[in-house]
Each structure stands twice: as C-alpha cells, then as structure tokens.
Amino acid sequence: MNYRTFVASQSILMTASSMVFPFYLLLIRNIGDSYSQFGLAYGLFALTAALTHPIIGRLSDKIGDRSLLLLYTWGMAGVMIIVPLIETISALYILQIIMGILGAVQKTTEKTALARQTAGQHTGQKIGNYHLWTSVWGAVAVMATGYLIDFLTIGSLFYIASFLYMISAVILMRSDYILKDQMKEKPVQP
Amino acid sequence: MLKIKWLLLCLIIYVTAFYFSLHVYSRQSVTITAEDAGRLLPVRMKYFRGVHSTKEIQQWVKEAHETGETISIAGMQHSQGGHTLYPNGTLLNMTGYSKILKFNPQEKKITVQSGVTWADIQEKINSYGLSVKVMQSQNIFTVGGSLSVNVHGRDIRYGSLIDSVDSFRLLTPDGKIINVSRKENSELFPFVIGGYGLFGVILDVTLELADDELYQHRSAEMDYRDYENYFKEKVKQDDSVKMHLARISVASETFLKEMYVTDYVLADQQNIKENYTELKEEQMIALPKFMLGVSRYSDWGKDLLWKTQKEYFIKNDGKYETRNNVMRSDSEFMEYENPNRTEVLQEYFVPVDQFAEYINDLRAVLEKEELNLLNITIRYVGHDEDAVLSYAKNDMFALVMLINQGRSEQDIQATEKVLQKLIDVTLDHDGSFYLPYYSYPSDKQLKRAYPRIEEFFEKKREFDPEERFKNLFYERYGQ
C-alpha cells in the first residue's frame, strides 16, 4: 500500500460516508421515536468506539494498517447493505455498536497509516494533502447527494455507498498485489 | 495468486450479500411511512409520487385503475384525520405541481396548478394591487388542499373559499379530465370543493381575486358577554370592516372570559398604501416559540402568553397593513417537534347569537375535564351552504382550538372523551365542526353536524365506484 492508493481509497470511503451520513441520521430519527432513543443510539456508537480504540491501536501494531483498513472497508460495505433493511430499534442499536467498532478502526488506522507512510519526512505536508483530498471528496459527495436525492430513494443511496466502500476495499487489496509485483521486479532493474 | 483468490472470494461474498439485501429491500420498500400534520396516524403507504406534470398524474391514475390500487392526494398535509393517507395506497404529493398558468389582472382572475401555495399567489399578484379573496390566515397551504377542505379565513365579506372559485379541472377516477364550474359539470362543483380528495385530483383552479387594500387595525379588549353585540354593531354592520379576528383567553386567571378583537378597517387614506405593500416575512420566531413552549407546560406560562399577546395586539391598534400582509400570518413559531406529543386542532362553529351561552357551556365542561388547551382564535364566517359539506348553516363564529396532547392510544382516547363532550355542547347550540381534523367526532355527531353526509358519500361511490380515491377519513366515516 503506497501513499497514493491509500489516499485514493480513503477519499472514496470519505465520499461514501459523507454521502450517507445526513440520511443515516434521518433514519435513526425515524426508527427511534423519541430523542432518548436517538441519544442512546448515538451514545452506543461513541461508547463502543471509545472502548475499542486502545485494542485497535495495539492490533494495528501487530497485524498492520492494511488489514485493519480492509476490515473497515469490507465491514462498512456490509453494514451499508444492511441499513436499508432494518426496521426495529434493537437492530439499530446492534448496527450502531458494529459501526462504533468500525469507526474506531478507521480513526486509528487512518492515523497510524499516515504516520507510517510518511516515516518522519514531510509529515505535515502529506497529512495536509491527505486531508485536502479526503475532505474535497467528502464535500463533493454531500453536495452531489443533495441533488441526487430527488431522483433516488434513500435506500438506493445506502447501496451506492456500499458499492463505494467495496471499490475502496478492492483498491486496497489490489494495491498490495501490485506493490509486491513491483518489489519482485525491482531487483531485476539495474 | 493468493491475493487474487482472496479478492475474488471477498467480491463473491459481497455480490451475494448485495443481491440478497436488494432482494429483501425491494420487497420491503413497498411500504413507506407517511404522516399528516396531526402526527397521530402514521400510515404505511406503497408509493410516494412527487407530481410535476398532468401527464404523470393521469398515467398514475390509469395505472392504479389497472392494478386496483388506491390513491390519496396530499398537499401540505395539514389535514389531521388521515385525509391524505391510506395504507398500502399511492400518495400523490402535489406540492411540485405548482405553476401559475394564467394571470389576468384586468379580469382579476388567476389560474394555478393545485400545488401552488397561497404564498406563491401573493408573490405573483401583490405588485398588481390584487389580493386573494378567501384563504386561511396562514399562507403556507396549497390551493388544491384548501379547496378540498373549503377553507375560510379572516375575511368576513367573501364567505368560504367555494365562493371565490370560478372553475377548476378535475382528473376523474377513470383518468379523464373534465372542467367543473357552476355551469359545466355543475353537479360536481359543491361535492369536489370540500370533497376531501375523494372525487379525483383537482388539477388547476381559476380563482377570483380582490383588490389589495390598506387596512387599519382596530383592536379592543372586552368581556365575552359583550362580543356578540360588538360584532353585530361595530363589525358586521360597518361595511368598512373587511376582516376580523378575535381571541378568547385560555389562561387560568381569565379562562374563557377575557377577549380581545382586531378588526381590519378600510383605511381612509388609500393613497398611502404604496408605503405598506412590501410583503412581510416571518421575523420573530424565537420569542413567540419560547412563550408558546412555556405555555404548553404551565398555567403561569399560559397567563404570560395571554398577557403578552393581548398587549401586543392592543398596541397594534391604529397600525396600517395591506390585505395581502394580513393574509400571511406567522406560522413557523407553532412548529412543534416533540416526538411523544403533538398539537391538534379543532374548529367549532356556533351561531353568532348563541356565543355567550355557548362559551358558558364550554367552560363548564372544560373546568371539569383535563385538556391542554393552548389557544382559541375566533373568526367569522357568513351563512353559506354552497358546498354539500358546508359548515356554515348560519352566520357563525368559528372557534379554532389548539390542543397539546400525547400521541399514545390512551392519550388519543382521553382527548376523544373530552372533545366529544365539547362537540355535543357545540351541536346543542346549533353549531357544527370542521372536518379536516382527527376523527374524534362520533358518527352520530357527524350526522348531526352534516345532515347531507350520507348524500356526500353516496355521490362519492356513484362517481368513483371502484373507490380509487381513498383516505382514512373516508374509511372512518364513509364505509
């Protein structure tokens, strides 16, 4: 995984997440019929994220950022195809817990990967660059969705997001493959 | 190669899951929950159709005709008795069907698609010195919705909305488009206006307009026993009074005793009208919203709201305002989003001469019962039996009550118990009640208030034998 593919895959997943976020909020509000349920759903997300952060941090040192990022992208691709189906508040709570864990995975690995990618050189510049592109894509997605939602159902929005997460995962998986190829080829080149 | 295998495996699992999810979703998404402004009737509908063109509506009505599905027609959905909803049916959202088709300032007529709101019309005609004849006090509603409930408003000279309708086009249950006016297909005219969406889709409407005039507010405070005479002598007989609005206290200290009134009197100097013609926008939301909020939960809040409101209105005595601006009263501050509670309306009509005794009887009931009554606005509507479901069998005062209540089954039952008593009191005074609200009235009460209700439903079944246009109001009372 090199810096470019990392930024590309992160940009795609940012696109996906900013696209569905406002509608996900709406969904939570519609399923929960009181603000206390809304609060609990959000609290569960934040709390599981908080509790899993240290574990994920350690895990990332052991198994590497790439595997965790793959877990996140595939995980979210899966979650997004479940979201349109849920109808009950308890299903929503479970989903919030899963998303809490996955969210923590993303938050931690995003940082560890960036730190390892830059390896002390031009760190600020690279992080700046990283945030530029991921945020630009996020912003574009939010605006585009505003227009698209007139033509799409909210359900199909989640499916599109899932598809984007899947692409992001595939890019990550492919990238390593290419990288290894190049590494093999490298010694041949003088 | 191992990586490719993994990638393929993941993709296969993903595609399978995706397909499975989509399969389940496409079956499940046949239902969408919809609600009207009363928020007591969440209903699962099959389709939500945002209407933009006549062709689309015609197409959907024909499709429904073939598949045997039902259609409910929705504007702003401020009717509160499920008039825009029916389980597993198609909801036609008319708000996008909103073009102004023709406007003739000389003839004082305007033709609009039924999803146009009063606000749209006001913006169009204000600069021509014209104004709507009859509409609600607020301008957020669609013309089609207003026609379907045959509204009335602050105006005291032009009657109910039906009186200002020239003609309209109706899309019938079998997908045909017909003109309806007092001359053409005239038998339908009094059924479709005040027809609660049961006869077809009102496509476009030609309305008669009035001159925009400059009014001067005339406000006064009075005891409820003096109101009838005040109205008869100072308002009704004085042709220069064009609009009228009153409030009676729901605050504990002055409960159903103290009143204040505002008359809108044609100003002597119409030449200064130009200074006031700019259409006003709602500005102060936070303060009234806060005060209304406090009044929901406490008696002192109600007292405070009453005093402030009264002072505010009395202070406006002598103020100049154009007719158009009087007809765009604030509404945003009333929006209420508590998930467990809601605010419902009731409107009772009582003959002018029976007002004081009626209020005494209402008070007697309300002092014994639990009801979180937040506001009562009083307006006047002259005798008018043009519509089959006419509420003004006499010259009537119309009392609109704003009630805060819970959304649970028990809450609904508790409110029903009290409201049925209030309705009995109203009917005993030869009164009537308005139909766009939650189905609290019993069948018996409905029959007493609307002697022609059977005729109305029979005509509905005759005109729409397959019951293509259906809503919860029809289901509750008509079947």
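The values are calculated or read from the model by the stated rules, or taken from the named source; none is laboratory data. Keep in mind that this is a model prediction, so the values were computed, not measured. Positions of Cβ are generated from backbone atoms using ideal geometry, with glycine treated the same way; all protein chains shown enter the neighbour counts.
Laid out as a table, the results:
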| read-out | value |
| --- | --- |
| Members of the range B:22-54 that are part of a loop (DSSP other than H, G, I, E, B) and either away from chain A (no Cβ under 12 Å) or of a type in the set (Gly, Ala, Ser) (or both) | B:Ser29, B:Asp36, B:Ala37, B:Gly38, B:Leu40, B:Leu41, B:Lys46, B:Val51, B:Ser53 |
| Matching entry among B:Tyr336, B:Tyr348, B:Tyr380 (being in a loop (DSSP other than H, G, I, E, B), of a type outside the set (D, E, K, R) and under 21 Å from the mean Cα position of the chain (by Cα)) | B:Tyr336 |
| Matching residues in the range B:256-299 - criterion: being part of a helix (DSSP H, G or I), at pLDDT 90 or above and either of a type in the set (Gly, Ala, Ser) or loosely packed, with under 11 Cβ neighbours inside 10 Å (or both) | B:Asn271, B:Asn275, B:Ser295 |
| Residues of the range B:322-350 classified as more than 14 Å from chain A (Cβ to nearest Cβ), surrounded by fewer than 20 Cβ atoms within 10 Å (Cβ to Cβ) and either in contact with a His (Cβ under 7 Å, 6 or more places away or on another chain) or free of Cβ contacts under 8 Å to residues at least 60 places away in the same chain (or both), total | 3 |
| Leading residue by the ranking (farthest from B:Met327 (Cα to Cα)) among those in the range B:87-145 that are in a loop (DSSP other than H, G, I, E, B), within 16 Å of the chain's Cα centre (by Cα) and not polar (S, T, N, Q) | B:Gly115 |
| From the options B:Val388, B:Val425, B:Val365, residue that is more than 22 Å from B:Met243 (Cβ to Cβ), outside any helix (DSSP H, G or I) and outside the structural domain of B:Phe191 (by TED's automatic domain parsing) | B:Val388 |
| Pair list, Cβ < 6 Å and 6+ apart or interchain, from the range B:460-477 residues that are assigned by TED's automatic domain parsing to the domain that holds B:Pro436 to residues that are among the hydroxyl-bearing types (Ser, Thr, Tyr) and assigned to a helix (DSSP H, G or I) | none |
| Residue in the range B:219-229 that is in the same structural domain as B:Asn375 (by TED's automatic domain parsing), among the aliphatic types (A, V, I, L, M) and out of contact with any helix residue (DSSP H, G or I) (no Cβ under 9 Å at 6 or more places or on another chain) present | no |
| From B:Ile71, B:Ile4, B:Ile57, residue being in contact with a helix residue (DSSP H, G or I) (Cβ under 8 Å, 6 or more places away or on another chain) and away from chain A (no Cβ under 14 Å) | B:Ile71 |
| Single unsatisfied condition, A:Leu27 versus (1) without any contact (Cβ under 8 Å) to a residue 60 or more places away in the chain; (2) more than 15 Å from the chain's Cα centre (by Cα) | (1) |
| Residue under evaluation B:Ile71, criteria (1) farther than 24 Å from B:Glu278 by Cβ; (2) without any contact (Cβ under 8 Å) to a residue 24 or more places away in the chain, criterion not met | (2) |
| Qualifying residue in the range B:403-422 (condition: over 20 Å from B:Val250 (Cβ atoms), crowded, with 22+ Cβ neighbours inside 10 Å and under 22 Å from the mean Cα position of the chain (by Cα)) | no |
| Conditions (1) modelled with pLDDT of 90 or more; (2) more than 26 Å from B:Leu198 (Cα to Cα); (3) within 14 Å of another protein chain (Cβ to nearest Cβ): number failed by B:Thr95 | (2) |
| Residue in the range A:26-37 that is of a type in the set (Phe, Trp, Tyr) and more than 14 Å from every other protein chain (Cβ to nearest Cβ) present | no |
| Matching residues in the range A:148-185 - criterion: being hydrophobic (A, V, I, L, M, F, W, C), modelled with pLDDT under 80 and buried (at least 17 other Cβ atoms within 10 Å of the Cβ) | A:Ile154 |
| Some residue of the range B:192-206 being within 30 Å of B:Gln113 (Cα to Cα) and exposed (fewer than 14 other Cβ atoms within 10 Å of the Cβ) | no |
| Complete set of residues in the range B:428-453 that are in contact with a strand residue (DSSP E or B) (Cβ under 8 Å, 6 or more places away or on another chain) and part of a helix (DSSP H, G or I) | B:Gln445, B:Ala449 |
| Listing of strands (runs of 3 or more DSSP E) fully contained in the range B:160-219 that carry 3 or more residues being under 24 Å from B:Lys242 (Cα atoms) | B:201-211 |
| Subset of the range B:300-318 [among the β-branched types (Val, Ile, Thr) and crowded, with 17+ Cβ neighbours inside 10 Å] | none |
| Number of positions in the range A:4-41 that are over 18 Å from A:Phe158 (Cα atoms), among the hydroxyl-bearing types (Ser, Thr, Tyr) and touching a Gly at 6+ places or on another chain (Cβ under 6 Å) | 0 |
| Some residue of the range B:351-359 being outside any helix (DSSP H, G or I), touching a Lys or Arg at 6+ places or on another chain (Cβ under 8 Å), more than 14 Å from chain A (Cβ to nearest Cβ) and in contact (Cβ under 8 Å) with a residue 12 or more places away in the chain | no |
